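The values are calculated or read from the model by the stated rules, or taken from the named source; none is laboratory data. Please read these numbers as outputs of a predicted model, since none were measured by experiment. Here the Cβ positions follow ideal geometry from the backbone for every residue, glycine too, while neighbour counts run over all protein chains shown. Please note that ligands, DNA and RNA were not included when accessible areas were found on the heavy atoms of the full protein model with its side chains. Shrake-Rupley method; radii C 1.70, N 1.55, O 1.52, S 1.80 Å.
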Amino acid sequence: MSKNWRPATQLVHGGTTRSNHGETSEAIFLTQGFVYDSSEAAEARFKGETDGFIYARYGSPTNDMFEQRMCMLEGAEDARATASGMAAVSAAILCQLKAGDHIVAARALFGSCRWVVETLAPKYGIECTLIDGRFLENWEKAVKPNTKVFFLESPTNPTLEVVDIAGVAKIANAIGAKVVVDNVFATPLLQKPLELGAHIVVYSATKHIDGQGRCLGGVILSDKEWINEHLHDYFRHTGPALSPFNAWTLLKGIETLPLRVRQQSENAARVADFLAEQPEVARVIYPGRKDHPQADIISRQMKGGSTLVCFELKGGKDAAFALQNALDIVLISNNLGDSKSLITHPATTTHKNLSDEARTELGISPGTVRFSAGIEDSEDLIEDFARALKSVKA
């Protein structure tokens, strides 16, 4: 297969293998195990002397196609598909650490990601330091002799802060640490962390990659050496494998990823510009706008804005709830990256388990709202917001 294919072509044809039936759509191999021609063949496969699948927890033909397609898109050497985005995050971090090691993580993380590094990892003797990841000097100051991993997401959830990935990678390389980037909000089409110097990229494939609200999934991408040394055995023995049926669903979703992300980003940009002019709105944060606080970094490391918009209503929680309840097209849901436009109130949903102080540090106020643009007509979305804002007191 040509490695010079552009993303839209890769996402339709990349990594495809066909059975002897010559099916057009990728096949779903719903099997737990595989049969060997002989005892000697089984022995050789378990020794790694011959190629082939052993057990669905380790891998399957359908999962392999999804992993190969993601590798082509991301520019990675290898990948492992997981049962969910959080399975990908926890595996990518924990597989390479031991008691006594140290993580430096940007404090602006999805609630569950923050729990993994701030609460779970210390239970196993792994230290964690949370920092304001927007400033490179904070990464440098947080480094300890036992620092092994830098973890960040960019743009962040939900306030769309941006971290200088190349700058963080330079600091990590100087001390021999690995940079793990949660690239969900940017998608692999708008940002390539590996090209910027990151070592590991994780996705919740539940979001844009499926993008149609159907199934859970995740994926971890890196070079073959890291995956073989750190992730391979962890993955085999702890069992976070993706279901082949979900892998097939993700393969179908990823075919239309460029079309959806383009429309979603255009819709997000138009809605952001509309909201910025409304008297009920205190501020709008969107990576595609010139007034974003880190517009210079965005211009260097992203190929577009985002499918997400964060905005704050002057009336606080009451205004946020009134707006959300009055929307017709836009649905209230804590998911994102869907073909349907979604909206959520982070303080009472995705980030409710953080303390008031922690939410304030992250810029999440009672009036903060996160909008995930779908593929609807942008004029309809703007009219929906215009009508719903009439129920909100400025």
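Structure above, values below:
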| read-out | value |
| --- | --- |
| Count of region 61-72 residues which are closer than 13 Å to LEU250 by Cβ and either over 16 Å from the mean Cα position of the chain (by Cα) or buried (at least 24 other Cβ atoms within 10 Å of the Cβ) (or both) | 8 |
| Test for GLY133: is it free of Cβ contacts under 8 Å to residues at least 40 places away in the same chain and assigned to a loop (DSSP other than H, G, I, E, B) | yes |
| Inter-residue pairs, beta-carbon under 6 Å, first in contact (Cβ under 8 Å) with a residue 12 or more places away in the chain and in region 262-287, second of a type in the set (Phe, Trp, Tyr) and not in a helix (DSSP H, G or I), 6+ apart | ALA272/TYR286; LEU275/PHE311; VAL281/PHE311; VAL284/PHE311 |
| Region 341-361, residues that are closer than 25 Å to PHE135 by Cα, free of Cβ contacts under 8 Å to residues at least 60 places away in the same chain and surrounded by 14 or more Cβ atoms within 10 Å (Cβ to Cβ) | ALA347, ARG359 |
| Count - residues of region 7-48 that are open to solvent by 60 Å² or more (accessible area, probe 1.4 Å), among the basic types (Lys, Arg) and either at pLDDT below 85 or in contact with a Phe, Trp or Tyr (Cβ under 7 Å, 6 or more places away or on another chain) (or both) | 0 |
| Subset of region 362-391 [within 13 Å of ALA322 (Cβ to Cβ) and either in a helix (DSSP H, G or I) or open to solvent by 10 Å² or more (accessible area, probe 1.4 Å) (or both)] | PRO366, PHE385, ARG387, ALA388, LEU389, LYS390, SER391 |
| Qualifying residue in region 204-227 (condition: without any contact (Cβ under 8 Å) to a residue 60 or more places away in the chain, open to solvent by 10 Å² or more (accessible area, probe 1.4 Å) and closer than 23 Å to ARG114 by Cβ) | no |
| Residues within region 228-261 that are crowded, with 19+ Cβ neighbours inside 10 Å, aromatic (Phe, Trp, Tyr) and more than 26 Å from ARG6 (Cβ to Cβ), tallied | 1 |
| Near pairs, Cβ below 7 angstrom, 6+ apart or cross-chain, from region 305-324 (within 30 Å of LEU190 (Cα to Cα) and open to solvent by 10 Å² or more (accessible area, probe 1.4 Å)) to any residue that is assigned to a strand (DSSP E or B) and charged (D, E, K, R) | GLU312/ARG283 |
| Residue list for region 110-122, filter: out of contact with any Phe, Trp or Tyr (no Cβ under 8 Å at 6 or more places or on another chain) and of a type in the set (A, V, I, L, M, F, W, C) | PHE110, TRP115, VAL116, LEU120, ALA121 |
| Scan of region 74-123 for residues that are within 15 Å of the chain's Cα centre (by Cα), assigned to a helix (DSSP H, G or I) and either of a type in the set (Asp, Glu) or closer than 13 Å to VAL202 by Cα (or both), ordered by number | GLU74, GLY85, MET86, ALA87, ALA88, VAL89, SER90, ALA91, ALA92, ILE93, CYS113 |
| Any hit, region 144-162, residues being among the aliphatic types (A, V, I, L, M), in contact (Cβ under 8 Å) with a residue 60 or more places away in the chain, open to solvent by less than 20 Å² (accessible area, probe 1.4 Å) and not in a helix (DSSP H, G or I) | yes |
| Output for region 176-192, where each listed residue is open to solvent by less than 10 Å² (accessible area, probe 1.4 Å) and either among the hydroxyl-bearing types (Ser, Thr, Tyr) or more than 8 Å from the chain's Cα centre (by Cα) (or both) | ALA177, VAL179, VAL180, VAL181, THR187, PRO188, GLN191 |
